[in-house]
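Shown next, in structure tokens, is the structure this report addresses.
The values are calculated or read from the model by the stated rules, or taken from the named source; none is laboratory data. Just so we're clear, the structure is a prediction, and the values are computed from it rather than from any experiment. Virtual Cβ from ideal backbone geometry, glycine too; neighbours counted across all protein chains shown. The protein model used for the area step is the full one, side chains on, heavy atoms only, and it has no ligands, DNA or RNA in it. Shrake-Rupley method; radii C 1.70, N 1.55, O 1.52, S 1.80 Å.
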Amino acid sequence: MKTSPFLARNIGISLTLLFIVIYLLPLNARQLGVPDEMRYAEIAREMLTTGDFVVPRLNGLRYFEKPAGGHVLNAAAMAVFGETNFAVRLMSALATGLGAWALFLLVRRERDRRAAALTALIFLTCTEVMGIGTYSVLDSMVTGFITLTLCSLYAALQAIGKKKIGLLALAGGFAGGAFLVKGFIALAVPTVVVVPYLLIRRQWKQLFILPWIPLIAALAVSLPWCLAVAGKEADFWHYFFWEEHIRRFFSQEHAQHENPFWYFIPVFLGGAVPWILIAPLPLRNLIRTRLKEPLIQFGLCWLIAPFLFFSASSGKLGTYILPCFAPFALLLAVALSDRIEKQPSDDAITIGTFIFSLLPLLGLIALLVIGGLNFFGLLPPLDPHFALKFIGMLVGLSLSLHLAITAVKRKQELHKVAFLGLSAAALFISIQLCAPTEISPSLGIQGFLKSEQAQITPSTILVANPKTVHALCYVYKRDDIYLFGGKGELTYGVSYPDSAHRYLDIQQLNALLHQRGNRRVVIAMKSRPDDSLRTQLPKPQYQRQWLKIWFAVYEPLTPHYAEE
């Protein structure tokens with residue numbers, strides 16, 4: 001069966017437009033989230049301010065949880081586009097786009113343009129890929145590098161001569177880039193994929209030959225920074241290797257984000273919506289008919305081995321299994337391409353598409369209920385721009401539902417798949433652009449702090465807790481904020497003798513407030529109105545409660561504001 005003109009015509013342009021609409025246009029439309037986006041924005045901002053692109057710092061404190069590579073990329077985007085939300089998120093989006101491009105090239109080389117286009121479409125419209133790819137975290141960047149690494153490695157395994165050497169070196173270069181973003185995990189993932197693949201293919205001798213060129217290339221990319229950071233901060237590698245890798249992976253007692261072994265199963269199933277709804281039968285048939293093919297074996301190793309590897313870790317976050325969505329897209333695209341060719345009419349795709357159409361339908365019902373409650377005064381506005389966002393969400397959900405219904409009605413299965421992807425994209429963009437900010441501090445703290453910008457001068461003393469420190473640093477362009485009520489992820493930074501004074505207990509905070517002299521002190525922290533902590537502090541001259549955030553201003557100790 002020939003490739004449908006619907007996909008064959010201007011395939012590259014269509015996928016590029018889809019990427020722009022999902023991943024680039026909405027980047028500046030919503031506030032930065034805490035803690036992740038504010039954290040990475042602030043580290044990059046401090047790099048630009050200090051000119052130090054070797055040692056990552058957060059709030060002026062040493063921050064050794066990750067290498068400098070991802071922060072440098074964020075800083076580069078901010079240097080070009082300014083300190084905007086668009087710039088903060090840009091590298092995450094571009095990394096996702098590069099991953100989709102690498103998958104497209106690989107599948108086109110091994111199969112055809114239709115399967116390649118389906119791979120890119122599925123990957124770009126998986127829920128987790130869209131969510132993380134438009135959010136400033138390092139997982140999207142390291143996943144982009146890992147995808148480029150594994151696509152290059154697979155191509156190298158099929159090549160000979162100078163081309164093989166060049167592809168191996170290219171793979172090593174990408175692996176070195178991944179290491180500079182997130183450390184040794186970037187080397188572990190390709191290893192756990194390639195080793196079982198070579199054993200399955202009975203090419204075990206390659207295990208002693210294959211690694212050297214990629215390893216040399218990876219060292220060439222990463223070693224300069226490794227030596228530079230060791231020269232500036234001798235303790236970096238001890239902390240980064242033992243605390244951030246060994247103890248985080250193996251320790252049960254000190255594990256961060258501890259979750260059960262099966263944690264990633266529901267995370268993956270949810271992150272693979274909408275495609276997981278149509279995947280079971282096509283993937284079953286693919287395994288039955290093509291299991292012995294190299295590309296399918298490589299894809300299965302790529303999907304299963306990292307999934308088990310991350311599941312074995314003591315600490316787990318949903319973003320960790322982002323590398324598993326690239327092989328899922330590859331396998332499902334090949335399976336759907338086969339199924340469409342052999343069965344032009346496929347009930348499995350129709351049923352899965354119908355089930356997905358219930359999501360925007362239920363969303364519309366919930367939206368109308370919320371709008372009705374707000375109209376009759378039974379529910380307060382959930383956003384300063386509630387009416388505008390309500391209309392936007394209404395339009396977006398309606399479009400998503402329309403595209404899903406169109407997908408169900410289409411007779412050609414290729415069209416069903418395309419419209420299903422567009423429906424998922426419309427649903428995601430609607431939620432991304434129109435989600436209310438007054439339901440969680442994580443979504444709206446940037447706007448809240450900007451509304452109090454007038455309270456902040458260069459001499460103002462700022463105090464925050466671990467929940468708000470990232471946001472205060474970035475919004476107010478400060479790297480000298482005092483910590484109170486816990487140290488959080490800055491525990492290591494304040495453990496240095498030259499930084500220990502940056503953490504205050506209740507006695508020290510009271511002393512600061514009573515001895516502030518002619519300087520204003522602002523406390524912005526997570527605290528409920530009935531928090532007993534407030535009774536232990538002097539009464540501020542101005543205070544404001546926004547959701548769970550307490551913003552308190554203590555004016556200078558002039559005669560007008562003198563305390564008893």
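Listed peptides 145-153, 229-237 appear in the order 145-153, 229-237 once ranked by packing, highest mean of other Cβ atoms within 10 Å at the front.
Dividing the Cα radius of gyration of the range 67-200 by its Kirkwood radius returns 1.00 for Rg/Rh. For q = 0.18 Å⁻¹, what log10 I(q)/I(0) does the range 114-258 give under the Debye formula with an equal point scatterer on each alpha carbon and no solvent? Evaluating at q = 0.18 Å⁻¹ gives log10 I(q)/I(0) of -1.20. Within the same chain, lysines fewer than 8 places from LYS163 are excluded, and of the rest, those with a Cα less than 23 Å from its Cα are LYS205.
With the alpha-carbon atoms of the range 275-318 aligned to their principal axes, the span from lowest to highest coordinate is 37, 25, 12 Å, starting with the largest.
Taken along its three principal axes, the alpha carbon spread of the range 390-493 comes to 66, 32, 20 Å, from the longest extent down to the shortest.
The string of couplings for the range 425-437 from the Karplus curve (6.51, -1.76, 1.60, θ = phi - 60°) is 5, 5, 5, 5, 4, 4, 5, 5, 7, 10, 4, x, 9 Hz, one whole number per residue in order, with x for Gly and Pro. Can you run the Rg to Rh ratio on the range 420-564? Use alpha carbon positions and the Kirkwood inverse-distance Rh. Here the Rg-to-Rh quotient is 1.06.
Candidate values (1) 0.98; (2) 1.05; (3) 0.92 were compared with Cα Rg over 2.2 N^0.38 Å computed on the shown model; the agreeing label is (2). Note on LYS411: aspartates and glutamates with a C-alpha under 14 Å away, same-chain residues under 8 apart excluded, are GLU341, ASP346, ASP347. With both residues required to sit in the chain, DSSP beta bridges show an antiparallel share near 65%. Applying 0.36 nm per residue to the separation of LYS205 and GLN507 and subtracting their alpha-carbon distance, the gain on full extension is 102.2 nm.
Classified by the C-alpha gyration tensor, the range 272-407 has an oblate form. Its axis ratio a/c, with a ≥ b ≥ c, is 1.5 or above, and a/b does not exceed b/c.
Run the Debye formula on the Cα coordinates of the range 16-104, all scatterers equal and no solvent, and tell me log10 I(q)/I(0) at q = 0.17, 0.24 1/Å. Debye curve over Cα of the range 16-104, log10 I(q)/I(0) at q = 0.17, 0.24 Å⁻¹: -0.72, -1.18.
Dipole check for the range 501-557: with +1 at the C-beta of Lys and Arg, -1 at the C-beta of Asp and Glu, and the Cα centre as origin, the magnitude is about 180 Debye.
Within the range 55-138, the percentage of alpha carbon pairs spaced more than 15 angstrom apart rounds to 65%.
With θ taken as phi - 60° and the Karplus curve 6.51 cos²θ - 1.76 cosθ + 1.60 applied, the whole-hertz 3J(HN,Hα) list for the range 227-242 is 6, 5, 5, 5, x, 8, 9, 4, 8, 4, 5, 4, 5, 5, 6, 6 Hz, x standing for glycine and proline. Look at the alpha carbon pairs under 8 Å that are at least 6 residues apart: their mean separation over the length of the range 268-399 gives a relative contact order of 27 percent. Accessible area per residue for the chain is 43 Å², calculated with a 1.4 Å probe on protein heavy atoms, without ligands, DNA or RNA. Would you mind telling me the share, in percent, of accessible area of the chain contributed by carbon and sulfur at probe 1.4 angstrom? Carbon and sulfur: 66 percent of the exposed surface of the chain.
Computed from the Kirkwood radius of its Cα pairs, the Stokes-Einstein diffusion coefficient for the range 434-475 at 20 °C and 1.002 mPa s stands at 189 µm²/s. Expressed as a fraction of 2.2 N^0.38 Å, the C-alpha radius of gyration for the range 207-346 is 1.38.
Per-residue Karplus couplings for the range 455-467, computed as 6.51 cos²θ - 1.76 cosθ + 1.60 with θ equal to phi - 60°, are listed in order as 7, 10, 10, x, 8, 5, 7, 10, 10, 9, 9, x, 6 Hz, Gly and Pro entered as x.
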